[in-house]
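Beneath this line is the structure, given in structure tokens, with notes to follow.
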Amino acid sequence: MQPTTSLFWFQVTKGRLVVSVLWQDAWPPIRRILLTSRRQEARVHLRESFPGAQPGIGKQLKDFQTNLQEYLSGYPVSFSSNLVALHLCSGFQRSVYLATASIPWGKVATYHQIASFIGQPGGSRAVGQALARNPFPIVIPCHRVIKADGSVGGFSAGGSLKKLLLQLEIWQAKTGRSILTELSQKGENGDLR
């Protein structure tokens, strides 16, 4: 019988965005990242999906936590895919996720561009399906992948959170101000017009 490694979680919140990180004391540590718009919703999901997980953060993830806080404050942050358990994903998913991880902060790519980049030019739909199952949003920035017509496309955490993440990056890049801070101060619902 193999020893089981305990699961832990921590959350970073800014405005209406809650990022929950599920991790183990193993390498790579991050096993799952959940995005929600309410802290309680995230905790219920964590309890139901990972019943033994306990709140806590390891020393190896302190810098990651700081980077998440900076990202949610509107600063351009590059996350290392070395921290996430990509070995738990299929080979096709890994190729899609690594290609997606190369999209710079504040930029977007289409599903077709990702498919072509990985040598599957007819695989836009398969790319979309892989991204819909992305267990590491933000680190693998699937919110930066949009439809060819410029619309945002799907997102496992919901279209409004995808738009919010895109607005966070694009607004900050254009104005130098954090959209999440401005929205929380104004009490708006998160949609820019």
Criterion (under 18 Å from residue 169 (Cβ atoms) and in contact with a Phe, Trp or Tyr (Cβ under 9 Å, 6 or more places away or on another chain)) met by exactly one of 29, 55, 76:
76
Flagged in the stretch 123-145 as aliphatic (A, V, I, L, M) and outside any helix (DSSP H, G or I), in numbering order, are 138, 139, 140, 145
Modelled with pLDDT of 60 or more and surrounded by 14 or more Cβ atoms within 10 Å (Cβ to Cβ): is that true of residue 159 in this structure?
no
In the stretch 54-68, what residues are touching a Ser or Thr at 6+ places or on another chain (Cβ under 9 Å) and closer than 16 Å to residue 17 by Cβ?
67
When you check residue 111 against the structure, is it hydroxyl-bearing (Ser, Thr, Tyr), within 17 Å of residue 159 (Cα to Cα), modelled with pLDDT of 95 or more and outside the structural domain of residue 36 (by TED's automatic domain parsing), yes or no?
yes
Among the residues listed as 100, 36, the single one being surrounded by 20 or more Cβ atoms within 10 Å (Cβ to Cβ), in the same structural domain as residue 120 (by TED's automatic domain parsing), within 21 Å of residue 142 (Cα to Cα) and of a type outside the set (Asp, Glu):
100
Determine whether residue 140 is in contact (Cβ under 8 Å) with a residue 12 or more places away in the chain and touching a Phe, Trp or Tyr at 6+ places or on another chain (Cβ under 6 Å).
yes
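The values are calculated or read from the model by the stated rules, or taken from the named source; none is laboratory data. Computed from a predicted structure; not experimentally measured. In this analysis, Cβ positions are derived from the backbone assuming ideal geometry, glycine residues included, and neighbour counts consider all displayed protein chains.
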